[in-house]
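The values are calculated or read from the model by the stated rules, or taken from the named source; none is laboratory data. Keep in mind that this is a model prediction, so the values were computed, not measured. FYI the Cβ positions are ideal-geometry reconstructions off the backbone, even for glycines, and counts take in every protein chain you see. Ligands, DNA and RNA are excluded from the accessible area calculation, which covers all protein heavy atoms including side chains. Shrake-Rupley method; radii C 1.70, N 1.55, O 1.52, S 1.80 Å.
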Amino acid sequence: MQVRSINALKNQYLTGGLSPSKMIHLISEKIDNEDSSIWIHRVSKDNLHKRAAELEKVSPEELPLYGIPFAVKDNMDVAGCPTSAGCPDFTYEAKTNAHVVELLLSAGAILIGKTNMDQFATGLVGTRSPYGVPGNSFNPDFIPGGSSSGSAVAVAKGLISFSLGTDTAGSGRVPASFNNLLGYKPTRGIISNRGIIPACRTLDCVSVFGLQVWDIEKVLHVLDEWDPLDPFSKEGEEKIPRTFSDSQKVALLQEDQLEFFGDSNARKAYEKSVHVLSESGLHPVPVDLSPFLEAAELLYAGPWVAERHLATSPLIMESPQSLLPETLKIIRGGSELSARDAFQAQYKLAELRRQADKIWKNFDFLALPTTATIYTQEAISKNPIELNSNLGRYTNFMNLLDLCGCAVPTAL
């Protein structure tokens, strides 16, 4: 069985053509035969069938995500299950569910397991894991994208209907781009981060991978709840985008700011996507977007790396060998930064945000490549830091400027 969209499964449940128990039976064999490196932990079949039996005591109409199979990235707590954040020596058994997991289960969804990831959510490649590399759903020679690698591949291969990842530098959008999915991240604080291992706590966002826009909307409707126990959760924020202008103007990067790192196919795909926007009645206009690109450079060149070090410093001090070399190199750099560095970067970011605000007065949204290219696993192994950095060119600025973003398949 190829798991389909939320809407398709819901219709089957409502018409009696499928039950949660039958769905679990049908997908279990497919999951067993798929790439095991997609998962770090799977819920046992006995527990899955118990969950299905519980749901069958109520009507499908009573729960918005009744019987919908999903997965979460393994930096999210699930009660009674291990949380590793991609690091075996860090692993602990969670006592309670992350708030987002609790909301999804209460809505009737069925958790299938916890997915592989770049260690401590540090990477956009999907290869920085001691649990293996989930194969790209098109060609396993290529990287799946990270850090939410398993979450994306599991949806792309039809094992689940949707999944949760996290996004600090693009981890909820880059894997979606590489696996032909929608990958949505809201503005900061709209979805609770309670019960999730932080990468950069002030920037992290939960992301949703799905097959259809309707699926993303359905999941967000469940997750869009203020959490008073998460100090970064925002109450009373405007959660619906403002009305588009009559002209619906779309900002594009001007030609001298476009960079595809020699990938002509990626350039052609982006040009085709821009053509799709024009044909849809929108008005794409090239603009100087240097404030956004300069903000992107602050994420790893600036003091926010210190947040990554703060989240992992006990393990680094006690057992640095527990981290992968690339992960350790990046995170250790955060220990060298000062409070002075942090304030200087905050001042710079405030200036760039003010410049970006001027652009938003004239445009409804930005249409950029999610990534400029894709790499093979072999290429990444030879140059892991620089090539990973290239992948964040168009995604790194989003959380620093507190924007929402969505990777959308447009051109093949």
Length released on extending from Ala339 to Arg354, taking residue separation times 0.36 nm less the Cα-Cα span: 3.1 nm
Fraction of antiparallel bridges per DSSP, region 22-140 only, in percent to nearest 5: 50
Taking the convex hull of Cα positions in region 166-323, its mean projected area over all directions (nm²): 12.6
Computed over region 342-412, Kirkwood Rh from alpha-carbon pairs, angstrom: 14.6
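For region 281-406, rounded, prolate or oblate, judged on the Cα gyration tensor with a ≥ b ≥ c (square roots of eigenvalues), a/c < 1.5 rounded, else prolate if a/b > b/c? Display every interim value, and only then the final one.
Numbers: a/c = 3.01, a/b = 1.48, b/c = 2.03.
Judged from the Cα gyration tensor, region 281-406 comes out oblate (a/c at least 1.5, b/c at or above a/b).
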At most 14 other Cβ within 10 Å, DSSP loop - trypsin sites (Lys or Arg not before Pro), region 320-412: Lys361
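Out of all DSSP beta bridges in the chain, what portion is antiparallel? Express it as a percent rounded to 5.
On the way: 18 of 33 bridges.
Given both bridge residues lie in the chain, the antiparallel proportion sits at roughly 55 percent.
Work through the residues other than Gly170 whose Cβ is under 11 Å from its Cβ and net out their charges, Lys, Arg +1 and Asp, Glu -1.
Values: positive: Arg173, Lys185, Arg393; negative: Asp167.
My count for the surroundings of Gly170 gives +2.
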Probe 1.4 Å, accessible area per residue of region 1-160, Å²: 36
Cα-projected label distance for Thr96 with Glu61, points at 7 Å along beta-carbon direction, nm: 3.5
Computed over the chain: relative contact order in percent, which uses C-alpha pairs under 8 Å that are six or more apart: 17
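Summing Lys, Arg as +1 and Asp, Glu as -1, what charge do residues with Cβ under 12 Å from the Cβ of Pro20 carry, Pro20 excluded? The partial results should precede the final answer.
Values: positive: Lys10, Lys22, Lys50, Arg51, Lys57; negative: Glu54, Glu56.
Residues near Pro20 contribute +3 overall.
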Proximal aspartates and glutamates relative to Lys268, as straight alpha-carbon distance under 17 Å, when same-chain residues fewer than 8 apart are discounted: Glu255, Asp256, Glu259, Glu279
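List, in the order given, every pair from Lys73/Lys218; Lys10/Lys157; Lys50/Lys114 whose Cα-Cα distance in the structure shown is over 23 Å.
Too far apart for the 23 Å limit: no listed pair.
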Stretchable slack from Glu255 to Asn11, in nm (0.36 nm times residue separation minus alpha-carbon distance): 83.3 nm
Residue among Ile112, Ile40, Ile359 with the largest mean-square fluctuation in a Gaussian network model of the chain, springs linking Cα atoms under 10 Å: Ile359
Aspartates and glutamates with Cα under 14 Å of Lys22, excluding same-chain neighbours fewer than 8 positions away: Asp46, Glu54, Glu56
Three semi-axes of the equivalent ellipsoid, region 133-196, Cα gyration tensor, whole Å, largest first: 21, 12, 10
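Got the relative contact order for region 165-237 handy, in percent, Cα pairs under 8 Å and 6 or more residues apart?
Numbers: 113 pairs, mean separation 26.1, N = 73.
Once divided by the residue count of region 165-237, the mean separation gives 36 percent.
Quick check on the chain: helices-only [θ] at 222 nm, where DSSP H runs of length 4 and up contribute -39,500 (n - 2.57) each and the sum goes over total residues. Nearest 500, please.
On the way: 15 runs with 157 residues, N = 412.
Computed ellipticity for the chain at 222 nm equals -11500 deg cm²/dmol.
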In region 94-132, trypsin sites (Lys or Arg not before Pro) in a DSSP loop with at most 16 other beta-carbon atoms within 10 Å: Lys95
Förster-model FRET efficiency, 60 Å R0, Ser313 and Asp288, C-beta, rounded to 0.05: 0.95
Net charge of Cβ neighbours under 14 Å - reference Leu401; Lys, Arg +1; Asp, Glu -1: 0
Projected label distance in nm at Ser36 and Glu235, using a 7 Å step from Cα toward the beta-carbon: 4.8
Carbon + sulfur, % of accessible area of the chain - ligands and nucleic acids excluded, 1.4 Å: 51
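Percentage of Cα-Cα pair distances in the chain greater than 36 Å, rounded to whole percent? Walk me through the numbers before you get to the answer.
On the way: 18474 of 84666 pairs.
The answer is 22 percent, as a whole percent.
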Largest-first principal axis extents, alpha carbons of region 1-130, Å: 45, 30, 26
